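What follows is a short report on a single structure.
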Amino acid sequence: MSDRLANPGRLRQIVIERLIDIVLLVFGCLMLLPLVFLVSNGFKTPQEILAWPPTIIPANPTLANFQAVLADTPLLRWIGNSLLFAVLSSLSILATSAIAGYILAKFQFRSLTVVFIVILATAIVPFEVYMIPLYFQAQALGLLNSVWGMLLGYLVMSFGIFLIRQNAIHSIPDELIEAARIDGAGEFWIFLRIVLPLLRGALGALGVLAFFQAWTAFAWPLIVASRAESYTIEVGLALFQTGFTVDLGRLSAASAVVLIPSITLFVILRKNFVQGIASTGLKE
Amino acid sequence: MLRRKRWLFALMAILPTLAIFAWVRVYPIWETLRLSVHKWDILSKNKPFIGMANFQELFRDRLFIEALTNTAIIAFGVLLVTIPLSLVLAALIHYRSRSRLAAFYETSVFIPHVVSLVPAAMAWKWIFDAKLGPLNALLTFVGIEPQAWLFDPVLSIICVIVLCSWQALGYAVLIYLVGFKSLPVSLYEAAKLDGASGPQSFWFLSIPMLKPITLYVSVVTLVSGFNVYAQAYVLASDAQGAPGRQVRVLVLDMLENSFRNYRVGYAASEAVVLLLIVLLLTLVQFGLLRDKGGRA
């Protein structure tokens, strides 16, 4: 009896669910379409790029664009620069955030409150605001045109410190640290052996976040690097595409070389990444 | 004694981070503020103090006004596209979170937010391209006049807004999804018993309860909109190398003044204007949040 009453409602719900699925599916595909076309254009002949409607799977796939790009530009060198920059930046951000976040979470001293306020106050200021004076600092140190100069802008991340501090407050019980102290453990040993393992999840999320932040950085590497051999991949591509003899196939091929590994990496690390990004919204 | 030892450890441990902060954050921010009230043209040795003169000149500078206007239009344009769209998308994705495709929905809107900006901008540049792009081909196909998307002063700004929204959407959806997950299920069940439809509970329950999140996402979107640069940079040159129309944005104007016109003090005063805008937006956010907290 109740089954029969519920049936029309159930049917209606299934129809609605399917409709929503279709909307989301179509929308998701549309979001990805520009990237799909870009990758596929990289494999097309010049004639096929102009074809209407544009094909998603090239009729005569060719590697000519890739060969041309690798011959024309130090593309692999740029990718190497980007990788080195992103890895070093993540390491520095992880180290500084882990230590500072733990200290600010678990040590109650008035002087530390001042430190926290300084970090909080500078967090609001966008990078673009102080990037010009920072450029002159890099210049004074002779770090222009090098990964070290780029690193100068990406050594610390205020948000990283907040994230670790928040995590340390919630996931490391004070009793655990106290017990270790009573057992005679040194402060540094406690940090290394008890705190760090407990922060593993948060540090993983932060590491992925920091890596992608440096990997996709644009304005700062653009002003720091002025020689082709020191470009990051973003800067290299942006300047390469302003060249007069560059055609669309080559541009797409170069872009595909960058996009495919970073999308693969993202899909693998999706959980870490989403956790990291989602926590940016939970500052309160 | 023990307390003193712990204090010493805390100090020694945080000192390196603090030193880096002072060196690459506090000092350059201070320098920006200081330079903005000085006249410094890279080539000259002296940097005379000139008070507010840089700022007075800024507001008579036609290029700066154009940059500020464009940037504001882009920032608010992205906001108007992103917020409603992401709210609806997040609601739908959350509603279908048990679907087998849920991971695909989430990932597909999020990928544009994480991929490298320049290659992604390149894809859109091809789409918008006047001669080779599929957008004009599509318009011709349905009988509409093709447009010079990247050359027309109004259309090129719209192109930047489309590109930035495409990228900003994933972040907003993700934050809203976190918000939706935190809403009490019992409230929706009660609403359903009272005969509320899905769209009704979305409109009368979700939207008001997600207001703090909407506020947060709006401010983040606006702030990153005011810092727009790479998108305008890439779209500004045609796929064949012919220059497109430069969409003058704040950061571009600032870098040009500093590195092309060598007017660093003047560029610093532009940076200060950018900082003031960001501070104002942040204050508005906190003000509105407190206002709401007070009433609740």
The local net charge around B:Val173, scoring Lys/Arg +1 and Asp/Glu -1 for residues other than B:Val173 whose Cβ lies under 15 Å from its Cβ, equals +2
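Work out how much length B:Leu279 to B:Leu80 would gain on full extension: take 0.36 nm times their residue separation and subtract the Cα-Cα distance, in nm to one decimal. Spell out each step's value before the answer.
Numbers: separation 199, 0.36 × 199 = 71.64 nm, distance 2.07 nm.
Residue separation times 0.36 nm, minus the Cα-Cα distance, leaves 69.6 nm.
So, counting K/R as plus one and D/E as minus one, what does the shell of residues with Cβ under 14 Å around A:Thr45 add up to?
Working: positive: A:Lys44, A:Arg250; negative: A:Glu48, A:Asp247.
For residues surrounding A:Thr45, the net value is 0.
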Rounded to one decimal in nm, the spacing of the 7 Å Cα→Cβ label points at A:Phe188 and A:Ala51 is 6.5
B:Glu270 neighbourhood, Cβ < 11 Å, K/R = +1, D/E = -1, net charge -4
Shielding of A:22-33 by other chains, given as the mean Cβ count within 10 Å, works out to 6
Note: B:Thr69 to B:Leu2 extended length (0.36 nm per residue) minus current alpha-carbon separation gives 18.2 nm
Taking chain A and counting helices only, DSSP H stretches of n ≥ 4 at -39,500 (n - 2.57) each over all residues, the nearest-500 ellipticity at 222 nm comes to -23500 deg cm²/dmol
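Say R0 is 25 Å: what FRET efficiency, to the nearest 0.05, do A:Leu198 and B:Ala19 get from their beta-carbon distance?
On the way: r = 27 Å, r/R0 = 1.06.
E(calc), rounded to 0.05, equals 0.40.
Rounded to the nearest 20 Debye, what is the dipole magnitude of the protein assembly as shown about its Cα centre when Lys and Arg each give +1 and Asp and Glu each give -1 at the C-beta? Show your work: numbers first, answer last.
Numbers: 43 positive and 31 negative charges, 271 e Å.
Dipole size: approximately 1300 debye.
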Inter-chain shielding metric for A:119-128, i.e. average beta-carbon neighbours from other chains within 10 angstrom, reads 6
Expressed as a whole number, the average count of other chain Cβ atoms within 10 Å around the Cβ atoms of B:2-13 is 4
Between the modelled labels at A:Ala140 and A:Phe109 (7 Å from Cα along Cα→Cβ) the distance in nm is 2.9
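Assuming 0.36 nm per residue, please report the length gained on full extension of the stretch A:Ile169 to A:Ala59 beyond their Cα-Cα distance.
Values: separation 110, 0.36 × 110 = 39.60 nm, distance 5.72 nm.
Extra length from A:Ile169 to A:Ala59 when fully extended: 33.9 nm.
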For chain A, the dipole about the Cα centre with charges only on Cβ (Lys and Arg +1, Asp and Glu -1), to the nearest 20 debye, works out at 360
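Quick one: how many lysine pairs does chain B have with C-alpha atoms less than 28 Å apart and a gap of 8 or more or different chains? Give me the count, please.
Working: B:Lys39/B:Lys47; B:Lys181/B:Lys192; B:Lys181/B:Lys211; B:Lys181/B:Lys292; B:Lys192/B:Lys211; B:Lys192/B:Lys292; B:Lys211/B:Lys292.
Close lysine pairs found across chain B: 7.
Output the DSSP H helices from chain A with an along-axis C-alpha extent of no less than 27 Å and a mean Kyte-Doolittle hydropathy no less than -0.5. Mind dumping the intermediate values first?
Working: long enough: A:2-42 (59 Å, 1.07); A:75-106 (46 Å, 1.40); A:248-268 (29 Å, 1.90).
For chain A, where a helix must reach 27 Å along its axis and average at least -0.5, the hits are A:2-42, A:75-106, A:248-268.
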If unit charges are put on Cβ atoms (+1 for Lys and Arg, -1 for Asp and Glu) and the dipole of the stretch A:123-218 is taken about its Cα centre, the option from A:Ala138, A:Val156, A:Leu196 lying farthest towards the positive end turns out to be A:Ala138
Under the 7 Å Cα-to-Cβ spin-label approximation, A:Leu91 and B:Phe259 lie apart by a distance in nanometres of 2.7
When the charge dipole of the protein assembly as shown is computed with +1 at the Cβ of Lys and Arg and -1 at the Cβ of Asp and Glu, the Cα pointing farthest to the positive end, of B:Ile29, B:Ala130, A:Ile49, is that of B:Ile29
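About the Cα centre of chain B, how large is the charge dipole given +1 on each Lys and Arg Cβ and -1 on each Asp and Glu Cβ? Please answer in debye to the nearest 20. Numbers along the way, then the final one.
On the way: 26 positive and 16 negative charges, 281 e Å.
Using Cβ point charges on Lys, Arg, Asp and Glu, chain B gives about 1360 debye.
Taken together, the values in this text are just the output of simple stated rules run on the coordinates, not laboratory data. In this text the structure is predicted, and so the values were computed from the model without any measurement. Methodologically, a virtual Cβ is constructed for each residue, glycine included, from the backbone with ideal geometry; neighbour enumeration extends over all protein chains shown.
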